[in-house]
Amino acid sequence: AELESFDFLTPGPTPAMQSHTDGAHTLALQLEGEKRWSLYDPGAAVHSGSVLDDVGSMDRREVLLTPGSMLYIPHGWPHCATVEQGPSLHLAITVREPTAVEIADVIFRSIQTFTEDSKTFDKYHMESPSANAARLIDLAKKWLSGCDVDVLASQAIEESRHSFVLPQSNRDSVG
């Protein structure tokens, strides 16, 4: 997992930033002042990107953070924070894990380098989809029998570090 931290100093009182989601799990630690958080349960509609979100009819939960209190916000959960009296300072610690696509990409490329038959993937367009699927399943079984899961996870984490760009909206000093 990749950890980052951001501090948010908000002169109060100020309205909340528009509801948004973060592409990482977040721990918000209130250091000074108070901040009221609204979290919206996305149900099955969780997405892993960092975007502004229309919370519409989602169930809302409110939490008031005071100095020393902490809030966990799962990735993909829309949220916003409001300072009713200022100033307020909180530290956000984000925990980002590799996505399923990043892990699948590492696995696929590892299987490609595992096979000594370079033609396995060069002529896939000439084979039927079922023949290609059978070939890939066979290679995956052989590859998995000698796979070091720790090495695979390390590769996925390293590659996710190079592909992750924090959206500018999360770098703002007012949260």
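The values are calculated or read from the model by the stated rules, or taken from the named source; none is laboratory data. A quick note: this is a predicted structure, and the numbers were derived from the prediction, not measured. Every residue, glycine among them, receives a Cβ derived from its backbone with ideal geometry; neighbour counts consider all protein chains shown.
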Positions within region 9-18 being modelled with pLDDT under 85 and part of a loop (DSSP other than H, G, I, E, B), in sequence order: G12, P13, P15, A16, M17, Q18
Which of the residues that make up region 126-138 are under 32 Å from the mean Cα position of the chain (by Cα) and at pLDDT 75 or above? I137, D138
Do you know which of the residues in region 34-47 that are surrounded by fewer than 16 Cβ atoms within 10 Å (Cβ to Cβ) and in contact with a Ser or Thr (Cβ under 8 Å, 6 or more places away or on another chain) is modelled with the lowest pLDDT? H47
Tally of residues being among the hydrophobic types (A, V, I, L, M, F, W, C) and at pLDDT 90 or above across region 49-79: 6
Filter region 94-125 for residues that are assigned to a loop (DSSP other than H, G, I, E, B) and farther than 21 Å from A45 by Cα; the one that is modelled with the lowest pLDDT is S118
Is it fair to say L91 is under 30 Å from V149 (Cβ atoms), at pLDDT 80 or above and in a strand (DSSP E or B)? no
Residue pairs, Cβ under 9 Å, 6 or more apart or interchain, first in region 145-160 and loosely packed, with under 10 Cβ neighbours inside 10 Å, second at pLDDT below 70. List them. G146/F114
